[in-house]
2 protein chains.
Amino acid sequence: MRRSERLVAMTDYFKENPYTHISLPFFVQWFEAAKSSISEDLDIIDAMFDQLGIGRLQTSAGAAGGVQYIPDYHMDLSKKKIDDIIELLEDPKRILPGGYIYMSDLLGDLKQLRIIGKMFGAAFKAYDVDYVVTVATKGIPLAYAVADVLRVPVVIIRRDPKVTEGSTVSINYVSGSSRKIQTMVLSKRSIQENSNVILLDDFMKAGGTIHGMVSLMNEFNATVKGIGVLAEAEDDEEDRRVDDYISLLKFQEVNEREGRIQVVRGNYFE
Amino acid sequence: MRRSERLVAMTDYFKENPYTHISLPFFVQWFEAAKSSISEDLDIIDAMFDQLGIGRLQTSAGAAGGVQYIPDYHMDLSKKKIDDIIELLEDPKRILPGGYIYMSDLLGDLKQLRIIGKMFGAAFKAYDVDYVVTVATKGIPLAYAVADVLRVPVVIIRRDPKVTEGSTVSINYVSGSSRKIQTMVLSKRSIQENSNVILLDDFMKAGGTIHGMVSLMNEFNATVKGIGVLAEAEDDEEDRRVDDYISLLKFQEVNEREGRIQVVRGNYFE
């Protein structure tokens, strides 16, 4: 196989298998090419991925040597893309009664969602993550987009137990803004003991839900390595129950009467 | 930029933007290359994608001419991969009280989920789809995996209205197996009139849920172009309320007492 063909096949393979250790002999056999040719291919791909701002190939030497693709998403690109999303969100037609914002279309738009996933993937790439954990329903798309980049399993906390989950662990927690007591349920099978997890949700105000997720993770002896929310609302700092998190967007003002939404970049960009 | 570099960048671009019309001048400008060189690049990529079984580049001539990547997933590859999934599912440890099967880990496993998405993407590639529609909660990962391939928005039907959805349309329907009356709710903003949709769910027994989804789509004047379920259960044909669907897996027998699960390929492979 010629180099040009190999480059197409290898680019596809890396894109399909991020964070996956691939031995050089695997490529040597697949393409019936010399190891030196494969190494040159890898250099070309690595340089181009770097130039595109989408990550690097990490090579390791020795008997167990090989290569893996670590996705990234350059900060410059992230800023440009988040500003596009901000423009989408500042449309006054999104304001719902009670000052809520309609965002379901954004979370349903694969193009935007993939970009959001890449940003969180870049933010959490240095973490050694075993699972991405979210809570039904709105957090699910976000969690999958991030897990797609980090290539770890998604675990979904439910609001109510379901027979198809098997035995579960549940906790009660107090929702930060409404002060209501709510329940979270997670299948016992879903997380192995002593795992590292990232928590993700679409929206955070007082942080009660995230706080509940942290408590539930304690029940599984899991270590919360990072917390990400797509959007946070301006809130009294003292009321907030979660300090250490990454947000991509921040709703600064939602004025229902005057039909004005003001959104700015989240703390990831600070 | 050299051809080798262009091929890496273009392969990445096509993978990131399936079903997207790209004009040749876009590539010409990006790479500062002659149109003839770009055409040769496209031929190389098209041939390699075809050989890998992951789709083709479709070129159109004329003033509005250009190219788009139509993903596919070869039937041979699909059969091999579905048999791997069947092996995973036939593990007796998955049997839950009542003869239910634990599948949440499969739907949380990005590698498997992506493959499943590619299969449905191939099955529905000739359809002119505007939305992929599913119902919370279990269908969501599947819907996203398919929408990622078809590159259309995901629309999520809920079991209960939520304030952040705005005004909604709701229907009541009878669950096929339990004969309980249930509710489905969908935001009015989520689907435009006269759209073409694909319905997806993780599991189908009597088909009551899918039947309810079809009714709800009627309320939006949407045309159901296809129905896909990851797994179907063996059921009395006469009880089934949905005839025309694609399944990837079929549970033939779940014997709780003897700890035996028998899974076969679904009707997509017939």
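Exactly one residue out of A:114, A:94, A:56 is of a type outside the set (Ser, Thr, Tyr), farther than 26 Å from residue A:158 by Cβ and modelled with pLDDT of 95 or more: that is A:56.
Restrict the check to segment A:151-168 and report whether at least one residue is at the interface with chain B (Cβ under 9 Å from one of its Cβ atoms), touching a residue at least 40 places away in the same chain (Cβ under 8 Å) and assigned to a strand (DSSP E or B). Yes, there is a match, as at least one residue in segment A:151-168 is at the interface with chain B (Cβ under 9 Å from one of its Cβ atoms), touching a residue at least 40 places away in the same chain (Cβ under 8 Å) and assigned to a strand (DSSP E or B).
If the condition is being without any contact (Cβ under 8 Å) to a residue 40 or more places away in the chain and assigned to a helix (DSSP H, G or I), then segment A:256-270 contributes only A:267. In summary, residue A:179 fulfils each of the numbered conditions (1) of a type outside the set (A, V, I, L, M, F, W, C); (2) surrounded by fewer than 20 Cβ atoms within 10 Å (Cβ to Cβ); (3) on the phi > 0 side of the Ramachandran plot; (4) under 23 Å from the mean Cα position of the chain (by Cα) with the single exception of condition (4). Among the residues of segment B:113-145, those that are crowded, with 21+ Cβ neighbours inside 10 Å and small (Gly, Ala, Ser) comprise B:117, B:121, B:122, B:139, B:143, B:145.
Just name the residue that is surrounded by the fewest Cβ atoms within 10 Å (Cβ to Cβ) out of those in segment B:234-262 that are closer than 22 Å to residue B:124 by Cα and at pLDDT 90 or above. Among residues in segment B:234-262 that are closer than 22 Å to residue B:124 by Cα and at pLDDT 90 or above, the one surrounded by the fewest Cβ atoms within 10 Å (Cβ to Cβ) is B:244. Pull up segment A:169-186, narrow it to residues that are modelled with pLDDT of 90 or more and closer than 30 Å to residue A:118 by Cβ, then point me to the one that is nearest to the other protein chains (Cβ to nearest Cβ). Looking at the filtered set, the residue picked out is A:186. Tell me, which helices (runs of 4 or more DSSP H) lie completely within segment B:6-112 with 3 or more residues that are crowded, with 20+ Cβ neighbours inside 10 Å? Because the criterion is at least 3 residues that are crowded, with 20+ Cβ neighbours inside 10 Å, the helices (runs of 4 or more DSSP H) in segment B:6-112 that meet it are B:35-52, B:75-89, B:104-108.
Considered as a group, the residues in segment A:102-130 that are within 9 Å of another protein chain (Cβ to nearest Cβ) and out of contact with any helix residue (DSSP H, G or I) (no Cβ under 8 Å at 6 or more places or on another chain) include one that is nearest to residue B:191 (Cα to Cα), and that residue is A:109. Within segment A:71-88, does at least one residue satisfy the condition of being within 14 Å of chain B (Cβ to nearest Cβ), touching a Leu at 6+ places or on another chain (Cβ under 8 Å) and farther than 28 Å from residue A:231 by Cα? Scanning segment A:71-88, I find no residue that is within 14 Å of chain B (Cβ to nearest Cβ), touching a Leu at 6+ places or on another chain (Cβ under 8 Å) and farther than 28 Å from residue A:231 by Cα, so the answer is no.
Residues that are over 22 Å from residue B:126 (Cβ atoms) and not in a strand (DSSP E or B) within segment B:193-205 comprise B:193, B:205, listed in sequence order. Among B:204, B:213, which is in contact with an Asp or Glu (Cβ under 7 Å, 6 or more places away or on another chain) and within 24 Å of residue B:148 (Cβ to Cβ)? Unique residue meeting the criteria: B:204. If the condition is being touching a residue at least 24 places away in the same chain (Cβ under 8 Å) and in a helix (DSSP H, G or I), then segment A:211-255 contributes A:211, A:212, A:213, A:214, A:215, A:216, A:217, A:219, A:239.
So the check is Cβ under 6 Å with 6+ separation or different chains; which pairs have a first residue in segment B:44-70 that's more than 14 Å from chain A (Cβ to nearest Cβ) and a second one that's in a loop (DSSP other than H, G, I, E, B) and polar (S, T, N, Q)? Cβ pairs passing all conditions: B:66/B:23; B:68/B:20.
The values are calculated or read from the model by the stated rules, or taken from the named source; none is laboratory data. Please read all numbers here as calculations on a predicted model, not as lab measurements. Don't worry about glycine lacking a Cβ; one is built from the backbone with ideal geometry, like all the others, and counts go over all protein chains shown.
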